[in-house]
Amino acid sequence: DPDPTQCSAVVQGSEIPKMSQNDWDLVLSCGECIFARTQPEQKQQLVKQLQAKKLVVAMTGDGVNDAPALKVANVGIAMGSGTSVAKEAAQITVLEDDFGSIVEGIKEGRRIFENLKKAITYILTHLAPEIVPYVFAFAFGLPLSLETIVIMLIDLGTDMLPGICIAYEEADARVMSIPPRSLDSHLITPRMLIMGYGVYGLLETFFCFWAFIFTFEESGYSLSSITFLPSTYRDSWADLSASDQSDFSKLCASNSDYINSHLIGGVSPCNSTAGMTTFMDDFSTMVSKAQGSYFITLAVMQFANCLVRRQQLLSTFSPSQVINWRMLISILISTGFACFFVYVPKVNTAFYLAGPTSASACSALWGGLVLILVDEFRKLLCRTWPDGIMARYTIF
């Protein structure tokens, strides 16, 4: 017997009543099948046989005889010039009577679905750098690098507009060559979680903490000196317990740069109530600057993440990419939004933020650049070896 996948079949309606289930399986396994002169109930039977193979069936028709099959099919498509019975049985009516419109409709549906997955992956990415600060604060006693209210600034401010603009992306060049999804497939896949949490989420977390710790290092605080600190670093010196006062006195004593710049009559500020009162105010401001660095770095890296999310294979810098002006404008607006809440006095105080130094803020630019370069390298590997491990686990 010939290979069914290499054969074609032509079946007349008069032959269908004689067909066994094995005959149906053989005919439907052929690469091309034509059913001619079929009755309404036979068209309906054909649809059900295809559905039994877990296929999503689209049925086109314009007459009364097509109505039963249009009703049973997963997607019934009636022609605009067809009968009212066919239109009522169908879910979609093609007004132009052009079968090419069906192809365009499928392409548009796939574009929307692909953009939805890109937007979800973009959102998943920032969850890691939003959660990890609380884990580190609990496990290692680090000052909190991201306040809860700042997370709202990210989710409802800097991330929202660029994420929405992903919906306006044009379809990938490969969108019509992607095999149909199975009925058991889900919107969120393990590959999306790998890319969102495992790759770019961890990359953003690393650079955000790099900026956070670098801000402390600039002012003379080592990483070891700010671990296992009490969470009362925003309280005044007089309100601290004796144990907390001891911990912060040790922190003050570990920073020689601060001591030398705040000597009181040649005496270390760590040994006086007035000196420690000033130190607590200064350290609270220091934490706010570090949180500002963390916030700016996360915002900028999310902008870079939004740019690389546009296409899964095509380079971000490819001239064939259509410019998404909405996205570029939204990134500029979100940048102004972030700078407003970090650098404007009194506004930043309300959100426990303070403007970091230019050196600390540069960590954001480095982080965004590294994220883009990492994704460019990934895309290059996927284009070079489309069946390789990189393509299998990073293209969703």
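The values are calculated or read from the model by the stated rules, or taken from the named source; none is laboratory data. Keep in mind that what you see is a predicted model, and the values were worked out from it rather than measured. Heads up, the Cβs are rebuilt from the backbone with ideal geometry, glycines too, and the neighbour counts pull from every protein chain shown. Quick note on the areas: whole protein, heavy atoms, side chains included, nothing else; ligands and nucleic acids left out. Shrake-Rupley method; radii C 1.70, N 1.55, O 1.52, S 1.80 Å.
A few remarks follow.
- Top-ranked residue of region 191-214 - restricted to ones that are under 14 Å from the mean Cα position of the chain (by Cα) and open to solvent by 30 Å² or more (accessible area, probe 1.4 Å), ranked as farthest from residue 227 (Cα to Cα): 191
- Region 101-113 residues that are closer than 21 Å to residue 310 by Cα, paired with ones that are open to solvent by 40 Å² or more (accessible area, probe 1.4 Å) and in a helix (DSSP H, G or I) (beta carbon under 6 Å, 6 or more apart): 107/176
- Failed criterion for residue 312 (all others in (1) closer than 30 Å to residue 385 by Cβ; (2) open to solvent by 60 Å² or more (accessible area, probe 1.4 Å) hold): (2)
- Scanning region 351-396 for residues that are part of a helix (DSSP H, G or I), open to solvent by 40 Å² or more (accessible area, probe 1.4 Å) and closer than 25 Å to residue 217 by Cα yields a total of 7.
- Count of region 261-288 residues which are modelled with pLDDT of 90 or more and open to solvent by 70 Å² or more (accessible area, probe 1.4 Å): 2
- Taken over region 63-86, residues that are surrounded by fewer than 20 Cβ atoms within 10 Å (Cβ to Cβ) and either in contact with a Ser or Thr (Cβ under 9 Å, 6 or more places away or on another chain) or closer than 30 Å to residue 310 by Cα (or both) amount to 5.
- Residue within region 191-210 that is outside any helix (DSSP H, G or I) and not β-branched (Val, Ile, Thr) present: no
- Look at (1) under 24 Å from residue 223 (Cβ atoms); (2) open to solvent by 30 Å² or more (accessible area, probe 1.4 Å); (3) in contact (Cβ under 8 Å) with a residue 24 or more places away in the chain and you find that residue 337 fails only one, number (1).
- Any hit, region 109-122, residues being among the β-branched types (Val, Ile, Thr), touching a strand residue (DSSP E or B) at 6+ places or on another chain (Cβ under 8 Å) and assigned to a helix (DSSP H, G or I): no
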